[in-house]
Amino acid sequence: MKSIKILLFCTLFFSTIANSQITKGNWMFGGDAILQGFKFEDTEKFEYYAEIFPKAGYFLKDQFVVGGEIGLFFNNAGIYTSLVPFARYYILGNDKIINPFIEGGLGYKNFKYPNSNTPTLNEFMYQFKLGTSLFFTNSVALNFTLNYKRNSFQFDQEISAALGFQIHLIK
């Protein structure tokens, strides 16, 4: 009996969100995992590290979502946090299994060095992403993006590739 209730609940839940995707009034939740490279201003050497960014957005129009992502990264030198509002536009219609998109955002980063006399650094940044979503269902997608970020201090540029997972829900 318990198995039947669980099956019924899952069927109702997934059938409720099955017609949602990239249409006006829907929500998008998910996140990206990034292997990122950056270059210091005074060197030609690139450094690499990994980050995770949770993301949420709301579709103002079909194929157009606005939202925000939060970044958090720790390493032995310091702590990095970011907040980036973004806008994303899906190029193809909402009935496509594979749908490329473009995304841009303006945001803020903060670097803290707790074990050092180095002062906290704050910076303005912008980012641009080209990507594609592979929709397994109308509401679940795997994303791949190529990312470019430009910062106001310390790093000239950041280049990264990301894999992300998104869930699209109706209002």
*asked:* I'm trying to understand the selection: among the residues of the stretch 114-135, which are open to solvent by less than 50 Å² (accessible area, probe 1.4 Å) and hydroxyl-bearing (Ser, Thr, Tyr)?
replied: THR132, SER133
*asked:* Going by what's in this entry, would ASN117 be described as assigned to a loop (DSSP other than H, G, I, E, B) and touching a residue at least 40 places away in the same chain (Cβ under 8 Å)?
replied: no
*asked:* Looking at ILE102, ILE167, ILE159 in this structure, which one is touching a residue at least 12 places away in the same chain (Cβ under 8 Å), open to solvent by 20 Å² or more (accessible area, probe 1.4 Å), outside any loop (DSSP other than H, G, I, E, B) and in contact with a Leu (Cβ under 7 Å, 6 or more places away or on another chain)?
replied: ILE102
*Tell me, please, whether a residue that is out of contact with any strand residue (DSSP E or B) (no Cβ under 6 Å at 6 or more places or on another chain), assigned to a loop (DSSP other than H, G, I, E, B), modelled with pLDDT under 90 and buried (at least 17 other Cβ atoms within 10 Å of the Cβ) can be found in the stretch 79-99.*
yes
*Go through the stretch 136-146 and give me each residue that's open to solvent by 10 Å² or more (accessible area, probe 1.4 Å) and assigned to a strand (DSSP E or B).*
VAL140, LEU142, PHE144, LEU146
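The values are calculated or read from the model by the stated rules, or taken from the named source; none is laboratory data. Small disclaimer: the values here were computed from a predicted structure and weren't measured. In this analysis, Cβ positions are derived from the backbone assuming ideal geometry, glycine residues included, and neighbour counts consider all displayed protein chains. Just so you know, the surface numbers come from the protein's heavy atoms only, side chains and all, with ligands and any DNA or RNA stripped out. Shrake-Rupley method; radii C 1.70, N 1.55, O 1.52, S 1.80 Å.
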